[in-house]
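Data block below; observations after.
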């Protein structure tokens, strides 16, 4: 009985290793696969700079929120995409919900602001 179980196990291991070997061999054409990411990054050059611009805008908004008088920005998350800004998270006072929108709109490069902040008093 042990011999039969061991034989089944060995066949299973052989099948799994053969599938890994087959997958490794299908990617053997290194020059082609190496050139694909290079072509993709060349074609997406605008996306890379766009992501960097979004990150920079996000940092500017977070800094402006942190510097705003009477604003507690610790619970706020900012998402920026091509100048469109989403404010998420929580603030401790109702007035800060509207204040966060005004502060974000005042940052250069912001086109629109969508505010989904909620009130949290914990």
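Computed from the coordinates by the stated procedures, all read-outs in this text should not be read as laboratory data. All values derive from a computational prediction rather than experimental measurement. Positions of Cβ are backbone-derived with ideal geometry, glycine not excepted, and every protein chain shown enters the neighbour counts.
Some observations on this one:
- Taking label points 7 Å from Cα along the Cα-to-Cβ direction, residue 93 and residue 50 give a separation of 3.9 nm.
- Segment residue 82-residue 59, extension gain: residue separation times 0.36 nm, minus the distance between their alpha carbons: 6.9 nm
- Each of the peptides 58-65, 111-118 was scored by the mean count of other Cβ atoms within 10 Å over its residues; in descending order, highest first, they stand as 58-65, 111-118.
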